[in-house]
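The values are calculated or read from the model by the stated rules, or taken from the named source; none is laboratory data. Here the structure is a predicted model, which is why all the values come from computation and not from measurement. Virtual Cβ from ideal backbone geometry, glycine too; neighbours counted across all protein chains shown. Accessible surface areas use protein heavy atoms only, side chains included; no ligands, DNA or RNA. Shrake-Rupley method; radii C 1.70, N 1.55, O 1.52, S 1.80 Å.
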Amino acid sequence: ETKIFTVAKDRPNLDFLMECAKIIKEGGIVAFPTETVYGLGACAFDSKAVERVYEAKKRPPVKALSCLVYDLEQSESLGYITPEAKLLFEKFSPGPLTVVLKKKECVPSIVTAGMDTVGIRFPANTVARELIRLCGTPLATPSANISGEPSPTDGKTVIEKLYGRVDAIIDGGSTEVGRESSIVSLGEDGRARVLRKGSLPIEEIKKYVEVIE
């Protein structure tokens, strides 16, 4: 049975979030709001938990997951942070930008669909940030929908679609942005390649790094 936790956006019930963090630490999966869309998270270093994320979403295993982190230290546990990546994180994080970098060996291949890169984002939503902080680990987090359906922007939709498929759902109401993050990949040449145009305008990214669209 899926546990439902209803929380306030700005001052979420800490006891609820601690219970959800415990679920994740024990190998469970939890849906929660970010500022963009709702996400479905598992410990990024727990292959079995990440496999459950794929199963709950009916997501093809050839599609990689991005990871959400609380701070730069957590991001460094996932990938090799280049000067360009650090600059983008400083300018746009927390916020709706996912940066794809060369991954470290400790990241399970199931997270990255066998690729040698990993997407990293610092969410701005208070609920998401507190949950990640309490977990003490990056979360492998795709959108909290059934694969192929629209990404959910409110808790009610997540409950309708994922109840019975996940361990817990944090209902934080409607998301602030309501559109997925922008995704750029940073190569060894320091240039950013646009993988997805999202809620952060590419023009803003161009102010700090060279962008290839």
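Where both bridge residues fall in the chain, DSSP classifies roughly 55% of the beta bridges as antiparallel.
An oblate overall shape is assigned to segment 1-99, the ratio a/c of its alpha-carbon gyration tensor axes (a ≥ b ≥ c) being 1.5 or greater and a/b not exceeding b/c.
With contacts taken as Cα pairs under 8 Å at a separation of at least 6 residues, the chain carries a relative contact order of 31 percent. Each residue was assigned an accessible area with a 1.4 Å probe, and for Ser151 the value is about 30 Å². Expressed as a whole percent, the accessible area of the chain that falls on carbon and sulfur atoms is 48 (1.4 Å probe). Computed from the C-beta positions of Ser77 and Ile212, the FRET efficiency with R₀ = 41 Å rounds to 0.90.
The alpha carbons of the chain occupy a box of 48, 32, 31 Å along the principal axes, longest dimension given first.
Using Cβ point charges alone (K and R +1, D and E -1), the dipole size of the chain about the Cα centre works out to roughly 320 debye.
The Ile146 and Glu105 beta-carbon pair, evaluated with R₀ = 30 Å, returns a calculated FRET efficiency of approximately 0.40. Summarising the label geometry, the points placed 7 Å from Cα in the beta-carbon direction at Met115 and Lys86 lie 2.5 nm from one another. Among the listed pairs Lys91/Lys156; Lys22/Lys102; Lys161/Lys206; Lys9/Lys58, give every one whose C-alpha distance is greater than 31 Å. Violating the 31 Å limit, Cα to Cα: Lys91/Lys156; Lys161/Lys206. Per residue, the chain exposes an accessible area of 45 Å² to a 1.4 Å probe, with every protein chain left in place.
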